[in-house]
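Trainee: Before I ask anything, here is the structure I am working with.
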Amino acid sequence: MRYSLYFIGFNFIVAFFSDLMLNFLSRESLSPPSIKALRPYFNYQNNAIVAGFYAGATIVATLIPTMAISMYYLGMLYPKTLYSLILFLCIATPLGFLADFIIYQFQLFGTSLNKYYHIAGVGLWGAIAFVFSIVISFLLMIYFFPSQPREK
């Protein structure tokens, strides 16, 4: 159980710093239009730390149901091997897509993301961000806790 809390924490941290990087990139002239379209959202938040916290909280809010479904169907709370990572991502990808759709549909972060969703689309990039967070957190778990139990 302790390691699953570390996994959740790593996902929060990865999402937080990824959001800070997106904030920076949204202001760069060489960034693609979809990244630049995030600038109104970051301007609306007016605080990079708050926006990063929201990103981390969103990932965790999607991760917890993913872990619950994984526990029910796969018998694991988080991935410990490459094979279990692939299985975990099979659950996480559609949930990441769904979470992004819910954010858009219910305007959870206001209308400041509408331009981004118009350019980038709804769902795919939310799923990719979720998968990215999980993969990086998986690698961090292996690096920081090499002796963690790896039964699955």
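The values are calculated or read from the model by the stated rules, or taken from the named source; none is laboratory data. Everything numeric here is computed off the predicted structure, so don't read it as measured data. Here the Cβ is made from the backbone with ideal geometry for all residues, glycine too, and neighbour counts use every protein chain on show. The area values use the complete protein model at the heavy-atom level, side chains included, leaving out ligands, DNA and RNA. Shrake-Rupley method; radii C 1.70, N 1.55, O 1.52, S 1.80 Å.
Trainee: What is the spread of the Cα atoms of the chain along each of their three principal axes, largest first, in whole Å?
Mentor: So the three principal-axis extents are 46, 28, 24 Å.
Trainee: Under 16 Å from a point placed 7 Å out from the Cα of residue 111 along the Cα-to-Cβ direction: which residues of the stretch 17-41 have their backbone N that close?
Mentor: Answer for this model: 40-41.
Trainee: Now for a different question. Can you give the calculated 222 nm mean residue ellipticity of the chain, where each DSSP H run of n ≥ 4 adds -39,500 (n - 2.57) and the sum is split over every residue, rounded to the nearest 500 deg cm²/dmol? Don't skip to the end; give the middle numbers.
Mentor: Details: 7 runs with 114 residues, N = 152.
The helix-only estimate for the chain comes to -25000 deg cm²/dmol at 222 nm.
Trainee: Turning to a different aspect of this structure: Summarise the accessible area of the chain (1.4 Å probe, protein heavy atoms) by the percent that is carbon and sulfur. Walk me through the intermediate numbers first.
Mentor: Numbers: 6210 of 8540 Å².
In the chain, the share of accessible area belonging to carbon and sulfur is 73 percent.
Trainee: Mind listing the phi-derived Karplus ³J(HN,Hα) values for the stretch 87-103, rounded to whole Hz, using 6.51, -1.76 and 1.60 with θ = phi - 60°, and x for any glycine or proline?
Mentor: Values per residue, Gly and Pro as x: 5, 4, 5, 5, 7, 5, 4, x, 5, x, 4, 4, 4, 5, 4, 5, 4 Hz.
Trainee: Compute the FRET efficiency between residue 28 and residue 87 as 1/(1 + (r/R0)^6), taking r as their Cβ-Cβ distance and R0 = 41 Å, and round to the nearest 0.05.
Mentor: For residue 28 and residue 87, the calculated efficiency is 0.65.
Trainee: Work through the residues other than residue 25 whose Cβ is under 12 Å from its Cβ and net out their charges, Lys, Arg +1 and Asp, Glu -1.
Mentor: Cβ neighbours under 12 Å give a net charge of +1.
Trainee: Taking R0 as 41 Å, what FRET efficiency do you get between residue 48 and residue 98 from their Cβ-Cβ distance, rounded to the nearest 0.05?
Mentor: On the way: r = 27 Å, r/R0 = 0.65.
With a Förster radius of 41 Å, E is 0.95.
Trainee: Write down Rg/Rh for the stretch 53-135, rounded to two decimals, with Rg from the C-alpha atoms and Rh from the Kirkwood relation over Cα pairs.
Mentor: 1.01
Trainee: Still on this structure, please answer the following. Counting only heavy atoms of protein chains, what accessible area per residue, in Å², does the chain have with a probe of 1.4 Å?
Mentor: 56
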